[in-house]
1. Could you list, in sequence order, the residues of region B:17-65 that are under 17 Å from B:Y5 (Cβ atoms) and among the polar types (S, T, N, Q)?
2. Quickly run through region B:5-44 and pick out the residues that are surrounded by 12 or more Cβ atoms within 10 Å (Cβ to Cβ), modelled with pLDDT of 95 or more and of a type in the set (S, T, N, Q).
3. Does region A:256-279 hold any residues that are assigned to a helix (DSSP H, G or I) and either within 11 Å of A:G398 (Cα to Cα) or not hydrophobic (A, V, I, L, M, F, W, C) (or both), and which are they?
4. Report, by residue number, each residue of region A:380-407 that is among the hydrophobic types (A, V, I, L, M, F, W, C) and surrounded by 24 or more Cβ atoms within 10 Å (Cβ to Cβ).
5. Select from region A:127-178 the residues that are polar (S, T, N, Q) and either within 14 Å of another protein chain (Cβ to nearest Cβ) or in contact with a Gly (Cβ under 7 Å, 6 or more places away or on another chain) (or both) and list them in ascending order.
6. Out of curiosity, is A:A343 out of contact with any Asp or Glu (no Cβ under 8 Å at 6 or more places or on another chain) and open to solvent by 10 Å² or more (accessible area, probe 1.4 Å)?
7. Which of the residues that make up region A:106-129 are open to solvent by less than 20 Å² (accessible area, probe 1.4 Å) and either of a type in the set (S, T, Y) or in a loop (DSSP other than H, G, I, E, B) (or both)?
8. Checking A:K117 against (1) within 14 Å of another protein chain (Cβ to nearest Cβ); (2) of a type in the set (D, E, K, R); (3) farther than 25 Å from A:R151 by Cα, which single condition isn't satisfied?
Amino acid sequence: MRRVAVTGMGVVSPLGNGASQAFAQARAGHSGVHCLQASFTDRLTAPLAATASFNGADHFEPPKLRMLDRVSQFALVAASQAVADARADFPQADRGRVGVFLGTGMGASQTSDDGYKTLYGDRSDRIKPFTVLMGMHNAPAAWIGIEHDLRGPALTYSTACSSSAVAIGEAWLRVAHGALDVAIAGGAEAPLTFGSLKAWEALHTLAAVDPVDPSCSCKPFSANRSGMVLGEGAAMLVLESWDHAVARGAPIHGEILGCGLATDVGHITRPSVEGQVAAMVAALQSASIEASAIDAINAHGTGTPANDAVETAAIKAVLGQRAYQVPISATKSMHGHLLGATAALECVLSLLAMQEGVALPTMHLQAPDPLCDLDCVANAAREGLTVHTMLSNSFAFGGTNAVLVLGSASRAPSSGWS
Amino acid sequence: MTTTYEQLCAILVRDYQLQPEALALTAPLEDLGIDSLGLAELLFNVEDELRITLPPEAVDLETVGDVVRYLDELIAKPLAGVATGMGLEQPARPSA
């Protein structure tokens, strides 16, 4: 097994574009949640969203833009940021040993919406020729491969809210085992379409609008939490073997230490303590570290009544008494739930938090819930910490639980690594 | 009287944001960012704009002039073309 460094990070998010900007916003406790301004807003029960400030025309020429769903646009821009950040112009690299691993839950929602509207709403029999190419789930990964001439595997993972954690974990495995030298890994999601929002609304998992300040509507771990807020964006990371990164003098932002996967089998949506514990334990085992080594956690922390209580119980089961001493951040309170992209964004924020010695805040935690009694870094970032090892939790509908173990760049390697 | 070329240029300027001076009849479509797949989409848009129906078969057209000639040849055919599978709902004779 080889150590796997993170050498590049790119972000398009409700907290801004670029990893540094998104991190600065999260550190300051700013929320990207607001009331959505769209033609269909009046048909939504709770018109909340966390939108990215993003115009595809700023990034792509029109002929190409016409072929890209918003989800592919996000993915391409985040990947280009990450490649540039990593200074990853690999002229001598074997491009067959560079892969793309991308998670997306909903894929090209706008393309699907547009096609259905044409056929069923407008009753037209003419559907755009690019509909299949824009709508296929693997389009974002494929476009990244085309854009950067990457000829190794380009794989797409769709495991709902854990999609990009799975993608990063799979990329980590390939690089750690030596099958690849470099991987571009992360996730993209663009679910803020009328059809998608109505579908989520029907599931009764979305937050109600905070009557005082809509930007405070997502309240993870708070007794008055009412649900999650959908967000959009992408986060992509460049992973490469530690030695490869050092040899080329690449910037090292941190390390992927491991990934654990486990599946709930009790219910299609209801989370289970057992499944979440199993994923965290598997993650620790994959990283060859003990639970006592965990300095902080980025929680799944969606703000739904079901998740946050179950996740609290699961963290206690894994960390024991130490659970009460570990800062736990629910950054979805600020950037919303980017579904298949959210784990990658939280991975980026966590790596930067370790680099800066910060525990990011769980905002809008107004009323502590007795069932969520851990240290959730309520309402303000905690500075001046030493954080070398973190868990980043992602628990999905469908039961695919994925937990990443992240290390700071300055963390001493455990004995298990070469 | 608006020609097919002018109508095509109007689409390329409006929807593809291309510069009019780049749209010479000899201009290769590839140089405009329109490959064979993009041509299929362009012709789809032309059908909407010119209110015609083109044959379903894929065509290989390399320049702006090729597209104009392809369209003009179809437009020039008699409406009987509909019955023979040419698919012209109505000729794209300029209406404005």
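1. If the condition is that a residue be under 17 Å from B:Y5 (Cβ atoms) and among the polar types (S, T, N, Q), then B:Q19, B:T26, B:N45, B:T63 are the ones that fit.
2. Of everything in region B:5-44, just one residue is surrounded by 12 or more Cβ atoms within 10 Å (Cβ to Cβ), modelled with pLDDT of 95 or more and of a type in the set (S, T, N, Q), namely B:Q7.
3. Matches in region A:256-279: A:E274, A:G275, A:Q276.
4. Within region A:380-407, A:M390, A:L391, A:F395, A:A396, A:A402, A:V403, A:L404, A:V405, A:L406 qualify.
5. Those that are polar (S, T, N, Q) and either within 14 Å of another protein chain (Cβ to nearest Cβ) or in contact with a Gly (Cβ under 7 Å, 6 or more places away or on another chain) (or both): A:T131, A:S158, A:T159, A:S163, A:S164.
6. Judged against the criteria, A:A343 is not a match.
7. Within region A:106-129, A:G107, A:A108, A:S109, A:T111 qualify.
8. (1)
The values are calculated or read from the model by the stated rules, or taken from the named source; none is laboratory data. These numbers come from a predicted model, not from an experiment. Note: ideal-geometry Cβ built from the backbone for every residue, glycine included; neighbour counts use all protein chains shown. Remember, those area values only see protein heavy atoms, side chains included, never the ligands or the DNA or RNA. Shrake-Rupley method; radii C 1.70, N 1.55, O 1.52, S 1.80 Å.
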